[in-house]
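Heads up, the thing below is written out as structure tokens.
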Amino acid sequence: QVQLVESGGGLVQAGGSLRLSCAASGVIFSINAMGWYRQTPGKQRELVAVITSGGLTNYADSVKGRFTISRDKAKNTVYLQMNSLEPEDTAVYYCNMGVRESSWYGSRDVWGQGTQVTVSS
């Protein structure tokens, strides 16, 4: 069973930075896209950033120029560098990966447990 373990969340003042990490463990044949999502109470989970296996990236308009997504294929890990944080970035952040556990099977979505990011004004 593939598991994703997130780390790096916490409390930071507006204008500060945080770096989130998400590492996959278990039996992994390959990983396609990796992404970060966030959710606040009463709202739907929204895409923050995504990176493909080829390194192409896409960002939500609200974080462009402030957040950077990257991946380490050898470590099956995705990162989210968050700079110039704003109170509106406060949310639970979830990582997501499209994982193939065998060449016999297609990719399936795997989610992390979530990590809280709180930005104080």
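Here are some notes:
- Relative contact order of region 14-55, defined on C-alpha pairs under 8 angstrom at six or more residues apart (%): 33
- Probe 1.4 Å, all protein chains present, accessible-area order of 29, 67, largest first: 29, 67
- Table column - 3J(HN,Hα) (Hz), region 65-74, Karplus curve with 6.51, -1.76, 1.60, x for Gly and Pro: x, 10, 10, 9, 9, 8, 9, 10, 5, 5
- By accessible area with a 1.4 Å probe, ligands and nucleic acids excluded, highest first: order of 61, 109, 72: 61, 109, 72
- With an a/c value of 1.5 or above and a/b larger than b/c for the gyration tensor axes a ≥ b ≥ c computed over the alpha-carbon atoms, the chain is described as prolate.
- In sequence order, calculated HN-Hα J values of region 89-97 (Karplus, 6.51, -1.76, 1.60; Hz; x Gly/Pro): 7, 4, 4, 8, 9, 10, 9, 9, 9
- A cut-off of 5 Å between modelled amide H atoms, ignoring neighbours fewer than 5 places along the same chain, links residue 114 with 6, 95.
- Average accessible surface area per residue within the chain, 1.4 Å rolling probe, Å²: 54
- DSSP bridge analysis restricted to region 1-77 gives an antiparallel fraction near 100%, rounded to the nearest 5.
- If you wrap the Cα atoms of region 68-121 in a convex hull and average its projected area over all directions, you get 4.7 nm².
- Carbon/sulfur fraction of accessible area - region 17-76, other protein chains in place, 1.4 Å, %: 50
- Around residue 77: net Lys/Arg minus Asp/Glu count, Cβ-Cβ under 11 Å: +1
The values are calculated or read from the model by the stated rules, or taken from the named source; none is laboratory data. Please read these numbers as outputs of a predicted model, since none were measured by experiment. All Cβ positions, glycine included, derive from the backbone under ideal geometry; neighbour counts span all protein chains shown. To get the accessible areas, we keep the full protein, side chains included, count just its heavy atoms, and leave off ligands, DNA and RNA. Shrake-Rupley method; radii C 1.70, N 1.55, O 1.52, S 1.80 Å.
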